[in-house]
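The values are calculated or read from the model by the stated rules, or taken from the named source; none is laboratory data. Keep in mind that what you see is a predicted model, and the values were worked out from it rather than measured. Here Cβ is always computed from backbone atoms with ideal geometry, including for glycine, and neighbour counts include all displayed protein chains.
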Amino acid sequence: MPSFSLAHNVKNTFFLLQMRSNAFEIAVSCHAVFDTNLRTDPLSKGVAFSFIKAIQDINEKLAVKNPKSPLFNVILVAKDLQEHQSTIVSSTQHYGLQISRFCFCNNENFTQSLQSTSVKLFLSMQTDDVCRALQEGVPAALLCPQTRFPAEGDKEEVVSPLKVLLSGDAIGLPEERLSEAGFSQLELQTFRAAKASMTEFALVIAEMRRCFDREDSPLRVALMTVLGSRDEMASALLTARDWGLEVDEAYCLAGASRGPLLNCIQPHILCYDGLYNVTEIPALS
């Protein structure tokens, strides 16, 4: 039986706004938001802590710009941390994080726990967790660590725009090309699931972006192809235009390593194609 727990609702003045009927539910790994290896109270900030702050900044600005726009609703997923429930909940309150619900579950059944909710996107820094979620029918993407921290002595934390990097391969590469290149049926299944979850997410952020001018947008979108050529990139850009999604940056790597690019632009979210981990594979020319 799934061990999904509505352990606590963090109530604040903005919480009621998050419960709109068209809210986009995001489940985020607690291990990314907090450093759960250090048993402090409150917990120390994790390498993806700034992601939550960026989400809250978007919600607050959307609430002012367009009362009808969808907002992000965040669920914190804590795997194998049941004995630390009170510390996790109190830590979110300490930092003023707008978390609507908490999911305390085991590693064995966390996908079942997510399936029992209305989660639209699960985010984790663990590639294996993301692939497992996709294969079991849960929309998922990678949450990327942020290594740029405020300078020592800074009293206020500067909130950077939410940076989303979409896989142009998932958008522009025909599945037939992947099959001909020798990808397995399981890999193709994961590819299809990644494409479906990314498409729904892209349509939501497209609607959000239209509420802002390019200069003042708290949401930035980039597109990257690793496997595909410039033709696949062009196809991906045309599809993004059909979605009404404005793309700020586009990168065609044509088989080159994605690591240096990720280190440079440091996206918060990487919606990838589900075909590869960190290892590199040749471009499909």
Report task. Could you tell me whether any residue of region 249-263 is farther than 21 Å from Gln56 by Cα, modelled with pLDDT of 90 or more and among the acidic types (Asp, Glu)? Result -> yes
**Report entry** Residue within region 62-83 that is outside the structural domain of Asp213 (by TED's automatic domain parsing), of a type in the set (Phe, Trp, Tyr) and farther than 20 Å from Leu166 by Cα present
**Finding:** no
Query raised in the report: Ala181: more than 20 Å from Tyr251 (Cα to Cα), modelled with pLDDT of 90 or more and not assigned by TED's automatic domain parsing to the domain that holds Ser29, yes or no?
Result: no
Report task. Mind listing just one residue for me: the one in region 114-154 that is of a type in the set (Ser, Thr, Tyr) and at pLDDT 85 or above and, of those, nearest to Glu25 (Cα to Cα)? Result -> Ser124
Query raised in the report: When both residues are 6+ apart or on different chains and their Cβ atoms are under 8 Å apart, which pairs have a first residue that lies in region 258-269 and is on the phi > 0 side of the Ramachandran plot and surrounded by fewer than 19 Cβ atoms within 10 Å (Cβ to Cβ), and a second that is outside any strand (DSSP E or B) and among the polar types (S, T, N, Q)?
Result: Gln266/Gln146; Gln266/Thr147
**Report entry** Subset of region 84-137 that is among the aromatic types (Phe, Trp, Tyr) and part of a strand (DSSP E or B) - its residue that is farthest from the chain's Cα centre (by Cα)
**Finding:** Phe104
Query raised in the report: Mind checking which residues of region 30-47 are part of a helix (DSSP H, G or I) and touching an Asp or Glu at 6+ places or on another chain (Cβ under 7 Å)?
Result: none
Query raised in the report: Just for helices (runs of 4 or more DSSP H) wholly inside region 162-238: which have at least 2 residues that are within 18 Å of the chain's Cα centre (by Cα) and surrounded by 23 or more Cβ atoms within 10 Å (Cβ to Cβ)?
Result: 168-172, 185-209
Report task. Could you list, in sequence order, all residues of region 239-257 that are assigned to a helix (DSSP H, G or I) and surrounded by fewer than 21 Cβ atoms within 10 Å (Cβ to Cβ)? Result -> Thr239, Arg241, Asp242, Trp243
